[in-house]
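The values are calculated or read from the model by the stated rules, or taken from the named source; none is laboratory data. All figures in this text were calculated on a predicted structure; none of them were measured in a lab. Neighbour counts run over all protein chains shown; Cβ positions are idealised from the backbone, glycine included.
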Amino acid sequence: MIPKKVKEELRVRSIRNGSVIDHITAGNALNVLKILDITGTTKAIVSVAMNVPSKRLPFGRKDIVKIEDRELIPAEVDKIALIAPQATINIIRDYEVVQKNSVVLPNVITHVVRCPNLNCISNSTEPVYSKFSVLNSFMLRCNYCETIIDSDIAAYLI
Ligand SMILES: Nc1ncnc2c1ncn2[C@@H]1O[C@H](COP(=O)(O)OP(=O)(O)OP(=O)(O)O)[C@@H](O)[C@H]1O
Ligand SMILES: [Mg+2]
Ligand SMILES: [Zn+2]
């Protein structure tokens, strides 16, 4: 029989090499995958755990994403701070955590969030990527039309 403690740890299996995104605000695992461009056709082995008990996160719940054989770099993960400000990125090598980083809110985010203003040039047929200034963790301002997003940023993910 597998002991209870080990069973808990087996909730998401161990990986030899790759990245573990831990402490994701519960309910946002799929948004994290979206931000990382991981879709149904991605070849990487990805495990997702949702609503895992956590002492640290609001409501005592967190999501976790584990990506095998891919080491995320800060620039690609900092976008995650928009929807999961407490996320930590652990790099795993030979089963051990060799690096642990908190996500840092970038000053500007390009091509991650759609402008709510349908007349904005970033929504036109012009080849212009959306670009927002990050005013704080829940407030974005479009660099083209100055429209503000101040609630439910996840709803605007491209
Ligand atoms: N080899 C591995 N395969 C898969 N997941 C792993 C592996 N090693 C660690 N993890 C996971 O990575 C995260 C960080 O691991 P760590 O051992 O640093 O835990 P911790 O001490 O709880 O860290 P923290 O203080 O960040 O919560 C945990 O969610 C853990 O389950
Ligand atoms: Mg922990
Ligand atoms: Zn705009």
Selection from region 90-142 of residues that are away from ligand 1 (no atom under 12 Å from the Cβ), free of Cβ contacts under 8 Å to residues at least 24 places away in the same chain and of a type in the set (A, V, I, L, M, F, W, C): L118, V128, L135, F138, M139
Failed condition for R61, given (1) under 12 Å from D22 (Cβ atoms); (2) in contact with a Ser or Thr (Cβ under 8 Å, 6 or more places away or on another chain); (3) surrounded by 12 or more Cβ atoms within 10 Å (Cβ to Cβ): (1)
Criterion: in a helix (DSSP H, G or I), exposed (fewer than 12 other Cβ atoms within 10 Å of the Cβ) and more than 16 Å from ligand 1 (Cβ to nearest atom) - qualifying residue of A154, A75: A75
Residues (over 27 Å from S151 (Cβ atoms), part of a loop (DSSP other than H, G, I, E, B) and at pLDDT below 95) located in region 47-71: K55
Qualifying residue in region 112-124 (condition: surrounded by 15 or more Cβ atoms within 10 Å (Cβ to Cβ) and within 15 Å of ligand 2 (Cβ to nearest atom)): no
